[in-house]
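> Before I ask anything, let me first share the structure, which is written out below as structure tokens.
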Amino acid sequence: MIRVCLAFLALAACAGPALADEPPSACANALEQVAALETALPVYKLVPPDSRLYLEDTQRPAELARVRQLVSSSCSADAAVRAAAEAEARRLHQGRSPECAFERDRLAEMEKADSRNDRDDIARQRQRVANRCPAVPMANVWLVAERPIPQ
């Protein structure tokens, strides 16, 4: 029975929330946010319609402490469950990375009606995004900026 439960847990961890179209777990999301906040780069949240709200350096330690408290309260002490959450957090971090933002923006530019890109180039870029950049929720989370904030 335990083996069956562990097999289902491993299968769920590999499939991730994208397969089930479910939001990430609170633990995985909190772990990813700790990773984002621990970078040396600025972080921001997307603000509709097309703006960014940057976290002030003076507010970062308090926000990091708040998110670490979320990790403490939402993550399991069970090693297998925690490992699955950490794997999900890595997937979230990759999907929210500056590199993936760049690749998605590049694809969006290529897909515009007035673009002069070859269909094969567009198809290769779509495949690159699909292979490297998992679709993850981007709303109301800290995202790592690709470069320092312009002064």
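The values are calculated or read from the model by the stated rules, or taken from the named source; none is laboratory data. Owing to the predicted nature of the structure, the values given are computational and were not obtained by experimental measurement. Don't worry about glycine lacking a Cβ; one is built from the backbone with ideal geometry, like all the others, and counts go over all protein chains shown.
> Kindly check whether there is at least one residue in region 9-25 that is at pLDDT below 95, loosely packed, with under 13 Cβ neighbours inside 10 Å and more than 19 Å from the chain's Cα centre (by Cα).
yes
> Here's something else I'd like to know. Out of the residues in region 98-151 that are of a type in the set (G, A, S), closer than 23 Å to R52 by Cβ and assigned to a loop (DSSP other than H, G, I, E, B), which is farthest from the chain's Cα centre (by Cα)?
If we take residues in region 98-151 being of a type in the set (G, A, S), closer than 23 Å to R52 by Cβ and assigned to a loop (DSSP other than H, G, I, E, B), then A145 is farthest from the chain's Cα centre (by Cα).
> I've got another one for you. Considering only residues that are farther than 14 Å from D57 by Cα and hydrophobic (A, V, I, L, M, F, W, C), which ones fall in region 21-44?
Selection gives A26, C27, A28, A30, L31, V34, A35.
> What are the residue pairs meeting all of these: first residue in region 36-58, first residue modelled with pLDDT of 95 or more, second residue of a type in the set (F, W, Y) and in a loop (DSSP other than H, G, I, E, B), Cβ atoms under 9 Å, and 6 or more apart or on different chains?
A36/W142; L37/W142; V43/W142; Y44/W142; K45/W142; L55/W142
> Looking only at region 60-78, filter to residues that are exposed (fewer than 11 other Cβ atoms within 10 Å of the Cβ) and of a type in the set (S, T, N, Q); which one of those is nearest to A35 (Cα to Cα)?
Restricting to residues being exposed (fewer than 11 other Cβ atoms within 10 Å of the Cβ) and of a type in the set (S, T, N, Q), the top hit is S72.
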